[in-house]
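The structure appears below as structure tokens.
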Amino acid sequence: MSRVEVIGAGLAGCEAAIQCARRGVPVRLLEMRPAKMTEAHETGDVAELVCSNSLKSNEPENAHGLLKEELRVLGSALLECAERAGVPGGKALVVDRRKFSAEVQSELSRLGVDIERSEVNSLPPMTAWYRARSVVSDPHQPTVDLAENRGQPHGGSRRALEGTDPIFGPVGAGITVIATGPLTSTSMAGALQALLGTEHLFFYDAIAPIVSAESLDMSRVFEGSRYDTGSDYLNCPMTQEEYDRFVTALLEAELYPLHEFEKPRFFEGCLPVEEIARRGRLALAFGPMKPVGLVDPRTGRRPFAVVQLRRENVEGTMHNLVGFQTRLKQGEQERIFKMIPGLEGATFLGFGSIHRNTYLDSPKVLLPTLQTRASPDLLVAGQLAGVEGYVESMGAGLIAGINAARLAMGDEPVEVPRDMMLGSLLAYISAQRGLENPGQSPAASTRPQSATVPVFQPMNANFGLLPRLENPGQSPAAKTRPQSGTVPVFRLRGRDKRSAMAGRALEAARGFALTAKQKRA
């Protein structure tokens, strides 16, 4: 049985490694931290969360909640760890970062996964052999320039690649999962670019500030979640005058400069707060500062705008500013965010920052199985593959791990059904969608339906990815309502429609779980 190499101990890499180990497949996890850090990570911990500590909604009628339900059916190890590390967060799954990493480390140790702390600068020789065989017959793709295939043209023989790699061992020694994440090192990015023959795209993902709970002025803050669903958030209400002054300060604030070669391409789901403000003076009031569902108990009225603070750890000693990712200079952050009611004397335990995220032009290079088109023994998982979000990365890691294990055992890889949220997401990033499958994102509907997508951007879970409901029927919720006959699905709207889609997705997930089942530890 071949050994599986997993490069990168983030969410996707750890999930992939655990899935292999649970199936009895020998696996090695390689991670460059802490010897070499990224510009965003703070520790050498496995599965470190560098942005928010929220894994978003748990409700199945929400796209992220549905994805979690699918992963529970499929046996996601990291989702199990997240639930054990949970902190109060209303309807969302919110975790204590350190406890979450510790839970993941504990599971890796329990399974005996070997973790090697060293940077990987090249790809395994096996991938070079496949590339030399012209698995992808594209004359426009450049020759791979790797240690075992230096200058070999297309059509090079395996004999020319025989030998031993200092990291990966003999040529053809095993299967590899690349899960180096959005902060992939320059050397690894170059190796991937050389193999896959495509340029990387990039965008910027911003981090929100963290404040000390004891430094907050609780006389100006009230507890509560939207629509009286709990008291897990601290809410800082603003009048219209306070909001206007705050927006003006944001628009005039000094930002960290970008290098000349850097062109920001922000992901819509994690926009810096100052970028939202530039879209219009009321954009924040309809975005992360929206007051809907909240009533200030001191006035009995809904505020004009609200800044929400979310618990960062189990003890509740730290809170992050929800939706306040930023690239403001640190001094500006302290000055402007102290304009928020209740934060006038706040102690900032962590400032917001911004870092470049790297991802592949996945429709050109990946299959729905997460194998690369250039090399069937090389898989890519996580945000590097073009999924966006914590749970999405876990899902991609889970499928990469399942398929890596299957390949190592001589079995065929499996493709996730498109009725599932995870299946539709992987189909989207691999461009395996066409006119026969109307389930696509709104943005995708304007793109040519071909083997590649001209402009690819990362995608997170959303109901727009799922295929339409085709057969007459009704949602589970609709069955409890007095009505004659059944409700055709084309008439379902809102929550009923999402509920029907979720039911179909979970049914597909249960069937897929049996198909993908292998020995588990």
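The values are calculated or read from the model by the stated rules, or taken from the named source; none is laboratory data. All of these numbers come straight from a predicted model, not from anything done at the bench. Here the Cβ is made from the backbone with ideal geometry for all residues, glycine too, and neighbour counts use every protein chain on show.
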**Asked** Is it true that some residue in segment 241-256 is of a type in the set (Ser, Thr, Tyr) and closer than 23 Å to Pro458 by Cβ?
**Response** yes
**Qualifying positions in segment 21-31 - crowded, with 22+ Cβ neighbours inside 10 Å and not charged (D, E, K, R)** = Ala21, Val25, Val27, Leu29, Leu30
**Prompt:** Right, Phe286: surrounded by fewer than 18 Cβ atoms within 10 Å (Cβ to Cβ), modelled with pLDDT of 95 or more and aromatic (Phe, Trp, Tyr) or not?
**Reply:** yes
**Prompt:** Do you know which residues across segment 393-412 are farther than 18 Å from Thr184 by Cα, assigned to a helix (DSSP H, G or I), out of contact with any strand residue (DSSP E or B) (no Cβ under 6 Å at 6 or more places or on another chain) and not basic (Lys, Arg)?
**Reply:** Gly395, Leu398, Ile399, Gly401, Ile402, Asn403, Ala405
**Request:** Taking only segment 32-61 into account, find how many residues are of a type in the set (D, E, K, R), touching an Asp or Glu at 6+ places or on another chain (Cβ under 8 Å) and surrounded by fewer than 19 Cβ atoms within 10 Å (Cβ to Cβ).
**Result:** 2
**Subset of segment 1-13 (residues that are in contact with a strand residue (DSSP E or B) (Cβ under 7 Å, 6 or more places away or on another chain) and either part of a loop (DSSP other than H, G, I, E, B) or at pLDDT 95 or above (or both))** = Ser2, Val4, Glu5, Val6, Ile7, Gly8, Ala9, Gly13
**Prompt:** Got at least one residue in segment 452-470 being in contact with a helix residue (DSSP H, G or I) (Cβ under 9 Å, 6 or more places away or on another chain), modelled with pLDDT under 80 and more than 29 Å from Lys364 (Cα to Cα)?
**Reply:** yes
**Prompt:** How many residues are in contact (Cβ under 8 Å) with a residue 12 or more places away in the chain and either farther than 21 Å from Glu268 by Cα or among the charged types (D, E, K, R) (or both) if we restrict to segment 315-330?
**Reply:** 7
**Fill in**
Checked pairs for segment 367-394, first touching a residue at least 60 places away in the same chain (Cβ under 8 Å) and on the phi > 0 side of the Ramachandran plot, second part of a loop (DSSP other than H, G, I, E, B) and of a type outside the set (A, V, I, L, M), C-beta under 6 Å and 6 or more apart or across chains, list as Gly382/Gly181; Gly386/Pro458; Gly389/Asn460
**Prompt:** Of Glu388, Glu392, which residue is at pLDDT below 95 and under 23 Å from Leu79 (Cα atoms)?
**Reply:** Glu388
**Message:** Condition first: closer than 30 Å to Thr347 by Cα, modelled with pLDDT under 90 and out of contact with any helix residue (DSSP H, G or I) (no Cβ under 7 Å at 6 or more places or on another chain). Can you find one or more residues in segment 235-251 that meet it?
**Reply:** no
**Item:** Residue within segment 488-499 that is under 24 Å from the mean Cα position of the chain (by Cα), modelled with pLDDT of 50 or more and assigned by TED's automatic domain parsing to the domain that holds Met1 present
**Value:** yes
**Asked** Just one of Arg298, Arg278, Arg265 is over 31 Å from the mean Cα position of the chain (by Cα) and of a type outside the set (A, V, I, L, M); which is it?
**Response** Arg298
**Asked** All but one of (1) touching a Gly at 6+ places or on another chain (Cβ under 6 Å); (2) surrounded by 22 or more Cβ atoms within 10 Å (Cβ to Cβ); (3) modelled with pLDDT of 65 or more hold for Gly90; which doesn't?
**Response** (2)
**Of residues in segment 242-260 being within 18 Å of Lys290 (Cβ to Cβ) and not aliphatic (A, V, I, L, M), the one surrounded by the most Cβ atoms within 10 Å (Cβ to Cβ)** = Tyr243
